[in-house]
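Have a look at the structure below before the remarks.
Where a number appears in this text, it was derived from the coordinates with a stated rule and is not lab data. None of these values were measured; they are calculated from a predicted model. Cβ sites come from the backbone with ideal geometry, for glycine too, and all protein chains shown count toward neighbours.
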Amino acid sequence: MKIKILILALFLSHPSMAQLERKLADGSQKEELIFHAPRHINLLTVEPLDKKALHFAIMHTFGTIDGGLQDLYGLDNGANIQFSFEYGFSEKFSLGAARASTDKVYNLYGRYHFFSQTQDNKTPFSLSMMGGAAVNTSNYSFLNEDAPDLMDRTSYAAQLMLARKFSEKISVQLSPMMAYFNDPRALYQIEGDQNLYLALGFSGKYKMTGKSSLTLQWIPNLNNDLRNNLGVGIDLEAGGHVFQMYFVTSQALNEQYLLAGGNGVAGEKFRLGFNVNRIFATGKKKRAD
Amino acid sequence: MMKNLIVFFFFAFLVTFSFEMKGQTYNTDKGRAEFLSKAALNEFTGVSDDLNGLLDFEKNSFDFFIDLNTLKTGIGLRDRHMRENYLETKKYPFAEFTGKINEQVKLEKGQSKLLNATGTFKIHGKEKNMVVPGKITWISDSEIQLEATFKILLSDYNIAIPSVIFYELSEEQTISIKANLKKKTVNTK
């Protein structure tokens, strides 16, 4: 009897249909799309560019919304526009150039990605850094010999980015930041008067649907009494573009001016902001065969 | 006595098992799978060379699967969006096609043969039965090539195309596979 059962068991365990074991090609995959784009409201993120990919961002902020409908909620007043192009030289390193209309600032920056969060959590977060130098190219010739020279016009920024996707919905980035102005003149469109500015940026994303997220930016200053930057908005992915619309307390669009530029009171001194991100694959491989 | 019998059956089982697989089973883990999306404004393909496949001519069964994370369209961001928003590879990492070959296949040297396979195609957590025509070609005594092309509708698998990119992503996807399968002499299962 026992034997019969055993024989039966043996035959039953005989697989009737051969099946392959389902195995992932890469056991330790990178966590992807921690943020929708390399920019998140005004801050750069850990989101890397592919090799030979070109990221184009056009960013705007407008006047304060407290003028109401009369000023079309700030759209009539003093837009600041920044164009930026960032090119991926490798999966880890990219260089960018940006031009913001406030003080006609040209900014050169690089991003380097040390490591990325993995899905198996062996690497629990992504770490990247950014460094940049900017030149204010406004015309100050009316100052004659007091006009700032190139060094006086130069400012620097550095930022570390630590980011983690906590769940499919929630991603957070922590960004210790510094900005340094060689000569922070009152003439420039900044509120601060010191050379060095330190701050800690928080960027948050809450994914609502597959293609849209609520976004948050908060940048408390660490070594000065300027108001802190606050931004809230929404990110929308649409056919290769990432649209970012937000309310923010500062008109600044580059890191130096974000830290030194001063902020309005959150609420009535909010400004509308709008970014369009697009990534072009310039080195698209011709397919083999 | 009983012990001996058990041992005997155990070995008999092992022997019959490996014997029936021997020479009848072909497999690969480097097949090519490709999809073509042909929408009004945009046409693109995604390719992977990590197609895993098993053909068993003894049982006339087959089993193919692919890790969807290995599909590349040539644009990294598009790949990431595809994985995160459409295929949802974290939840559903594989596309699978498993079933039976409809006819008995005898392949002579240098020959090609058309055949039909009936099976279950599974992607994005949804299954659908389908019949897929394919072609197998003799490459060598220990290698055959399999080619097949079929179409799927994304809506059959609950993959929604948002209206904003309706013109860029096609509802109908043409899938082609091409794989060289080698005769398996050692039974691994």
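Tell me, what are the semi-axes, in whole angstrom and largest first, of the equivalent ellipsoid of the range A:54-280 as set by the roots of 5 times the Cα gyration tensor eigenvalues?
29, 22, 17
Work out the FRET efficiency for B:Leu153 and A:Ile234 from their Cβ-Cβ distance, taking R0 = 45 Å, and round it to the nearest 0.05.
Approximately 0.90, to the nearest 0.05.
Taking 51 Å as R0, compute the FRET efficiency from the Cβ-Cβ separation of A:Ile170 and B:Ile139 and round it to 0.05.
Approximately 0.50, to the nearest 0.05.
Would you tally the net charge around A:Thr249, using a Cβ to Cβ cut-off of less than 11 Å, leaving A:Thr249 out, and scoring K and R as +1, D and E as -1?
On the way: positive: A:Arg227, A:Lys269, A:Arg271; negative: A:Glu268.
Computed value for this residue: +2.
Can you flag which of B:Lys38/B:Lys182; A:Lys30/A:Lys169; A:Lys211/B:Lys38 are past 24 Å Cα-Cα?
B:Lys38/B:Lys182
Once the piece of chain linking A:Leu200 and A:Leu95 is laid out straight, how much longer is it, given 0.36 nm per residue of separation minus the C-alpha distance between them?
35.5 nm
Do any trypsin sites (Lys or Arg not before Pro) in the range B:66-144 lie in a DSSP loop with no more than 12 other beta carbon atoms within 10 Å, and if so, which?
B:Lys91, B:Lys106, B:Lys109
Treat every Asp and Glu Cβ in chain A as -1 and every Lys and Arg Cβ as +1, leave all other atoms uncharged, and give the resulting dipole magnitude about the Cα centre to the nearest 20 debye.
With Lys and Arg at +1 and Asp and Glu at -1, about 1900 debye.
Given the options B:Tyr157, B:Tyr167, B:Tyr92, state which has the largest fluctuation in a GNM of chain B using a 10 Å cut-off (strictly under) for Cα springs.
Highest fluctuation of the listed residues: B:Tyr167.
List the GluC sites (Glu not before Pro) in the range B:124-164 that DSSP assigns to loop (not H, G, I, E or B) and whose Cβ has at most 16 other Cβ atoms within 10 Å. Which are they?
Here no loop site has a sparse enough neighbourhood.
In nm², what is the average projected area of the convex hull enclosing the Cα atoms of the protein assembly as shown?
30.5
Can you compute the label reach from B:Thr118? Point 7 Å from Cα along the Cβ direction, backbone N cut-off under 19 Å, restricted to the range B:48-65.
Residues B:56-64 fall inside that zone.
When only DSSP loop residues count, what trypsin sites (Lys or Arg not before Pro) in the range A:22-98 have their Cβ near at most 14 other Cβ atoms within 10 Å? Don't jump to the answer; show the numbers that get you there.
Working: sites: A:Arg22, A:Lys23, A:Lys30, A:Arg39, A:Lys51, A:Lys52, A:Lys92; in loops: A:Arg22, A:Lys23, A:Lys51, A:Lys52, A:Lys92.
Here the sparse-neighbourhood loop sites are A:Arg22, A:Lys23.
Ordered by residue, what ³J(HN,Hα) values in Hz, to whole numbers, does the range B:53-69 give under the Karplus form 6.51 cos²θ - 1.76 cosθ + 1.60, where θ = phi - 60° and Gly and Pro are x?
So the J values, rounded to whole Hz, are x, 9, 10, 10, 7, 5, 9, 6, 10, 9, 8, 10, 8, 9, 7, 5, 5.
First measure r as the distance between the Cβ atoms of A:Arg185 and A:Asn77, then evaluate 1/(1 + (r/R0)^6) with R0 = 22 Å and state the FRET efficiency to the nearest 0.05.
0.40
Using a basic spin-label model with each label point 7 Å from the Cα along Cα→Cβ, how many nm lie between A:Asp225 and A:Thr137?
Here the answer is 3.7 nm between the modelled labels.
So what J values fall out for the range B:135-143 if you push phi through Karplus, 6.51 cos²θ - 1.76 cosθ + 1.60 with θ = phi - 60°, rounded to Hz, Gly and Pro as x?
The phi angles translate into 9, 10, 10, 6, 9, 8, 4, 10, 9 Hz.
Cα atoms only, the range B:26-183: Rg and Dmax in Å?
16.2, 52
Please compare each pair in B:Lys113/B:Lys178; A:Lys122/B:Lys126; B:Lys106/B:Lys151 to a cut-off of 23 Å on the Cα-Cα distance and tell me which ones are over it.
Over 23 Å Cα-Cα: A:Lys122/B:Lys126; B:Lys106/B:Lys151.
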